[in-house]
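For reference, the structure is listed below as C-alpha cells.
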Amino acid sequence: MTAIITTATDAGASVAREQLGAQHPRHGRRRRPSAWHLVLAPIALLFVLPFAQMFLASVSPAKELIAFPPPFFPSRLDFSGYATLFAETDVLRWLANTVIVSASAIVSHLVLCSLAGYGFARLRFRGRTVGIFLIIATIMIPTQLLMIPTYILFARLGLIDALGAAIVPWLASAFGIFLMRQFFLSIPAEVEEAGRIDGANRWQVFFHLVLPLAKPALATLAIFTLLSSWNDLVWPLIAINNDDAFTLQLGLANFHSTRRTQWELLMAGNVVATLPLILFFLFAQKQFVATMTLSGLKG
Amino acid sequence: MVRERAERDTAGGTLPPARRRSRIAALRDDLGGWLFVAPATLLVLGLSVFPAVWAFLLSLQDWDGFSPPEFVGGGNYAELVSDADFYAAAQHTGLYTVLFVPMSVLAGLFLAVALNRKIRFIGLYRTAIFVPFVASAAATGILSTYLFSPQFGLANNVLRTVGLPTQGWLEDEGQAMLVIALMSLWGQAAFTTVLYLAALQDVPQELLEAARLDGANRWQSFWSVSWPQLAPVTVFTAIWQTIGSIQLFDLVYTTTRGGPLDATKTIVYYLWEKAFRSLEFGYGSAVAYVLFGFTLLVTIGVVIYSRRKGMEAF
C-alpha cells in the first residue's frame with residue numbers, strides 16, 4: 001500500500017516537472033508539423049466541449065436551450081440564468097458554505113497533518129509504529145462503510161443539518177498524514193540536528209527549520225484537500241437536509257428535482273460551482289497535476 | 001534514539017536519580033511525540049476505525065434508528081444472499097466496471113503516448129485533457145443530462161446532422177450506463193494519463209534507441225520495449241479504477257437516480273437507499289461489509305496474480 005501511494009505521488013510530481021519543460025518546446029530547426037496534431041486537436045476539443053457547452057448555455061436565452069435543435073452558440077448574450085439563480089435560490093449562501101468548508105478543511109489539514117506527519121516521521125515515542133500502521137490501514141476502508149455509523153454518531157452529537165457536519169470529516173485525513181510523513185522522511189536529518197545544537201526545542205525546529213522546506217508538499221496537500229472538499233457530494237447529501245447549510249454541490253444536485261428544465265439556471269449554477277476550480281487549475285497547473293494521482297487514489 | 005535511551009539507562013544503571021531522570025526523559029519524549037500526532041490521529045481513527053467496528057455491530061442488528069435495535073446475528077447477511085435487488089445492483093455495478101475500467105486504462109495509455117512528445121501546442125492539449133478533472137459529480141451530472149438529452153442534447157444533434165437515428169441515452173435502459181461511463185471517463189482520463197505519462201518518461205531511452213538500431217519500427221519498439229515497462233502502472237490503474245467503479249454512486253445520483261427502470265442502480269446506490277431512504281441501518285451496513293470484503297478480495301487477488309507474473313506494482 002505504502003509503495004503504491006509513494007509511486008503515485010512521485011508519478012504526479014515527475015509529470016508536473018516534465019510538463020513545464022514541454023510547454024516551451026525548443027525550436028532548433030524548422031520541422032514539418034507532427035501528424036499527432038490530427039489526433040490531439042480533435043481529442044482536446046472533445047474534452048473541452050462539455051465545459052464550452054456549459055459556459056455558452058449559461059449565457060444563452062432560455063428559449064434557445066429548448067429550441068429544436070438548440071444552437072450551440074447563443075444568438076445573443078443573455079444573463080437571465082444568472083439573474084434568476086441569484087434572485088431565486090440561495091446559491092450565494094451555498095457558495096459561502098462551500099468556501100467555509102473548504103477553507104477550514106485546508107487550514108486544518110495543513111496544520112494537523114503536517115504536525116502528525118512530522119511526528120510520525122521524525123520523533124521517537126511509544127505507540128508511534130502502531131499509530132502510523134493504523135492510519136495507513138484506514139486508507140483501505142471504503143467511505144461507504146463509514147457513512148451509516150458516522151451519520152448516527154453525528155446525529156447523537158447534534159451535528160446533523162448544521163454546517164459543522166460537513167466540516168468535521170474534512171479536518172484531517174489519513175492521506176494527508178501519510179503524504180506529509182513521506183515528505184518529512186525525505187528531508188535530511190542534518191537540518192534538524194543543526195537546530196538542536198543551536199538549542200532549539202522540537203517545536204522551534206519544526207516551525208522554523210522544517211516547515212519552510214515543506215512548501216511543495218503543503219501545496220500538494222492544500223490542492224488535494226481543496227478538490228476533495230469542494231466537490232464532495234455524498235457526505236453533505238447524507239448529513240445535511242437543511243437548505244441553509246447546503247453546500248454548492250448539494251444545492252446543484254438538488255436542482256435535479258426542483259429546476260429540472262431551467263437549463264440556463266442549471267448551467268449558471270454549474271459555472272458558479274466549477275469556475276473557481278477551473279481558474280485555480282489554469283493558474284497552478286503544475287501543482288494540480290502533481291496532486292491528481294493522489295485525488296484519484298482517494299477513490 | 002531508542003538505543004540512545006538504552007545507553008542512558010545502562011550508564012545510569014546503578015544511580016537511581018539518573019535512572020529516574022532518563023525515565024522522565026522518555027516520558028517527555030512520549031508526551032512530546034503525541035502532542036504532535038494526537039489531534040490528527042484521533043480525528044482520523046475516531047472517524048474510521050471506530051465507525052468501521054460500529055458498522056459491523058450494526059450489520060448484526062435490525063435497526064431503523066428509532067425503535068430499540070434487535071440482534072439478528074447473521075440474519076442480514078443471510079437475507080442478502082437471496083436478495084434479488086442486491087444481485088441486480090451487483091450486475092449493474094459489474095456492467096459499469098466492465099465498461100469503464102478497460103476504457104479508462106486504454107484511454108490513459110493512448111493519451112499518454114499521444115501527449116508524450118515535444119510538439120507545438122502540447123501544453124494546450126494537456127491542459128484541455130486534464131482540466132475536466134476538477135469537475136464535480138454534480139456539475140458533470142447536469143452537463144451529462146443536457147449533452148445527452150434526447151431532445152436538446154448535442155449528442156443527438158450530431159447524430160441528426162450526420163443522418164443517423166437519434167438515441168435515448170440516459171433515458172434508455174440499455175444506454176444509460178454507457179453514458180455514465182463515458183462521462184466518468186471525461187472527468188477521470190487525467191488520472192490514468194498522468195500515471196502512464198510518468199511511466200513512459202521513465203522508459204530508458206537507450207533501450208528504445210537499441211530497438212531502433214535493431215530495425216524495429218516505432219510500433220514494434222513500443223510493444224516490445226515500452227509496454228512491458230508499463231506493466232506495473234497497468235496493474236495499478238486497473239485495480240484502482242476497479243475499486244472506484246465498484247463504489248460508483250455520485251454520478252448515478254446526479255444523472256439518473258438509479259433509473260430508467262433501475263438500470264443504473266449500483267450497489268452503493270442500493271446501500272444508500274436502504275440506509276437513508278428506508279432507514280434499514282443494519283441491512284445497509286451488511287451491504288457495506290459485503291462490498292468491503294469484495295474490494296479486499298479483488299485487491300488481494302490482483303496483487304497475488306501480478307506478483308506471480310513478476311510485475312512489481314506493489
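The values are calculated or read from the model by the stated rules, or taken from the named source; none is laboratory data. What you are looking at is a predicted structure, and each value in this text was computed from that prediction instead of being measured. No Cβ is skipped: glycine too gets one built from the backbone with ideal geometry, and neighbour counts run over all protein chains shown. Calculation scope for accessible area: heavy atoms of the full protein, side chains included, ligands and nucleic acids excluded. Shrake-Rupley method; radii C 1.70, N 1.55, O 1.52, S 1.80 Å.
Please enumerate the residues belonging to segment A:139-161 that are crowded, with 20+ Cβ neighbours inside 10 Å and β-branched (Val, Ile, Thr).
A:139, A:148, A:150
Can you tell me which of (1) more than 8 Å from every other protein chain (Cβ to nearest Cβ); (2) closer than 28 Å to residue A:230 by Cβ is the one residue B:163 doesn't meet?
(2)
Could you please give the count of residues in segment B:219-236 that are more than 12 Å from chain A (Cβ to nearest Cβ), open to solvent by 30 Å² or more (accessible area, probe 1.4 Å) and not polar (S, T, N, Q)?
Residues in segment B:219-236 being more than 12 Å from chain A (Cβ to nearest Cβ), open to solvent by 30 Å² or more (accessible area, probe 1.4 Å) and not polar (S, T, N, Q): 5 in total.
Take residue B:99 and tell me if it is under 18 Å from the mean Cα position of the chain (by Cα) and either under 25 Å from residue B:261 (Cβ atoms) or touching a residue at least 40 places away in the same chain (Cβ under 8 Å) (or both). Give the derivation first.
On the way: under 18 Å from the mean Cα position of the chain (by Cα): yes; either under 25 Å from residue B:261 (Cβ atoms) or touching a residue at least 40 places away in the same chain (Cβ under 8 Å) (or both): yes.
Yes.
Are any residues in segment B:88-138 more than 10 Å from every other protein chain (Cβ to nearest Cβ) and over 25 Å from residue B:254 (Cβ atoms), and if so, which ones?
B:106, B:109, listed by residue number.
Please specify each residue of segment A:151-191 satisfying the condition of being assigned to a helix (DSSP H, G or I), touching a residue at least 24 places away in the same chain (Cβ under 8 Å) and facing chain B (nearest Cβ under 8 Å).
Quick first cut of segment A:151-191, residues assigned to a helix (DSSP H, G or I) only: A:151-156, A:163-170, A:174-186, A:190-191.
Okay, now just the ones that are also touching a residue at least 24 places away in the same chain (Cβ under 8 Å), so A:151, A:154, A:163, A:165-167, A:169-170, A:174-185.
A:151, A:169, A:174, A:176, A:177 - these are the residues of segment A:151-191 that are assigned to a helix (DSSP H, G or I), touching a residue at least 24 places away in the same chain (Cβ under 8 Å) and facing chain B (nearest Cβ under 8 Å).
Go through (1) at pLDDT below 90; (2) open to solvent by 50 Å² or more (accessible area, probe 1.4 Å); (3) facing chain B (nearest Cβ under 7 Å) one by one and return the number of the condition residue A:14 breaks.
The failed condition is (2).
For segment B:71-117, how many residues are open to solvent by 60 Å² or more (accessible area, probe 1.4 Å) and aliphatic (A, V, I, L, M)?
6
Do any residues in segment B:282-293 that are open to solvent by 30 Å² or more (accessible area, probe 1.4 Å) have Cβ atoms under 8 Å from those of residues that are assigned to a helix (DSSP H, G or I) and of a type in the set (S, T, N, Q), where the two are at least six apart or on different chains, and which pairs are they?
Matching pairs, first to second residue: B:289/B:59; B:292/A:144.
Would you tally the residues in segment A:103-122 being surrounded by fewer than 23 Cβ atoms within 10 Å (Cβ to Cβ) and touching a Ser or Thr at 6+ places or on another chain (Cβ under 7 Å)?
1
Take segment B:186-216 and flag every residue that is crowded, with 18+ Cβ neighbours inside 10 Å, within 14 Å of another protein chain (Cβ to nearest Cβ) and not β-branched (Val, Ile, Thr).
Within segment B:186-216, B:186, B:187, B:188, B:189, B:190, B:191, B:195, B:196, B:197, B:198, B:199, B:200 qualify.
Please list, ordered by first then second residue, the pairs with beta carbon atoms under 6 Å, 6 or more apart or interchain, first in segment B:45-70 and open to solvent by 40 Å² or more (accessible area, probe 1.4 Å), second aromatic (Phe, Trp, Tyr).
That search, which allows pairs on different chains as well, returns B:61/B:71; B:69/B:63.
Restrict the check to segment A:205-217 and report whether at least one residue is under 30 Å from residue A:249 (Cα atoms) and crowded, with 18+ Cβ neighbours inside 10 Å. Even if it seems obvious, please write down each step before you answer.
Restricting attention to segment A:205-217, the residues satisfying the condition of being under 30 Å from residue A:249 (Cα atoms) are A:215-217.
When the remaining residues are screened for being crowded, with 18+ Cβ neighbours inside 10 Å, the result is A:217.
Yes, some residue in segment A:205-217 is under 30 Å from residue A:249 (Cα atoms) and crowded, with 18+ Cβ neighbours inside 10 Å.
Test residue A:225 against the stated conditions and say whether it is at pLDDT 90 or above, part of a helix (DSSP H, G or I), open to solvent by less than 10 Å² (accessible area, probe 1.4 Å) and in contact with a Ser or Thr (Cβ under 9 Å, 6 or more places away or on another chain).
Details: at pLDDT 90 or above: yes; part of a helix (DSSP H, G or I): yes; open to solvent by less than 10 Å² (accessible area, probe 1.4 Å): yes; in contact with a Ser or Thr (Cβ under 9 Å, 6 or more places away or on another chain): yes.
Criteria met by residue A:225.
Please find, within segment A:119-145, the residue that is nearest to residue B:297 (Cα to Cα) out of those that are at the interface with chain B (Cβ under 7 Å from one of its Cβ atoms) and among the hydrophobic types (A, V, I, L, M, F, W, C).
A:141
Restricting attention to segment A:212-220, does a residue exist that is over 20 Å from the mean Cα position of the chain (by Cα), of a type outside the set (Gly, Ala, Ser) and assigned to a helix (DSSP H, G or I)? Steps first, answer last, please.
So in segment A:212-220, the residues over 20 Å from the mean Cα position of the chain (by Cα) come out as A:212-213.
After this cut, where a residue has to be of a type outside the set (Gly, Ala, Ser) as well, the list is A:212-213.
Pick out the ones that are also assigned to a helix (DSSP H, G or I) and you get A:212-213.
Yes, that holds for at least one residue.
Checking residue A:76 against (1) under 29 Å from the mean Cα position of the chain (by Cα); (2) open to solvent by 50 Å² or more (accessible area, probe 1.4 Å), only one condition comes out false. Which one?
Among (1) under 29 Å from the mean Cα position of the chain (by Cα); (2) open to solvent by 50 Å² or more (accessible area, probe 1.4 Å), residue A:76 violates only (1).
Give the residue, chosen from B:263, B:275, B:238, B:288, that is of a type outside the set (Val, Ile, Thr) and touching a Leu at 6+ places or on another chain (Cβ under 6 Å). Step through it out loud before you land on a result.
Details: B:263 fails: touching a Leu at 6+ places or on another chain (Cβ under 6 Å); B:275 fails: touching a Leu at 6+ places or on another chain (Cβ under 6 Å); B:238 fails: touching a Leu at 6+ places or on another chain (Cβ under 6 Å).
Only one candidate qualifies: B:288.
Looking for whichever is in contact (Cβ under 8 Å) with a residue 12 or more places away in the chain, more than 8 Å from chain A (Cβ to nearest Cβ) and surrounded by fewer than 23 Cβ atoms within 10 Å (Cβ to Cβ) here; the options are B:267, B:239, B:243. Which one fits? Explain how you work it out, then say what you get.
Numbers: B:267 fails: surrounded by fewer than 23 Cβ atoms within 10 Å (Cβ to Cβ); B:243 fails: more than 8 Å from chain A (Cβ to nearest Cβ).
One residue alone meets the criteria, B:239.
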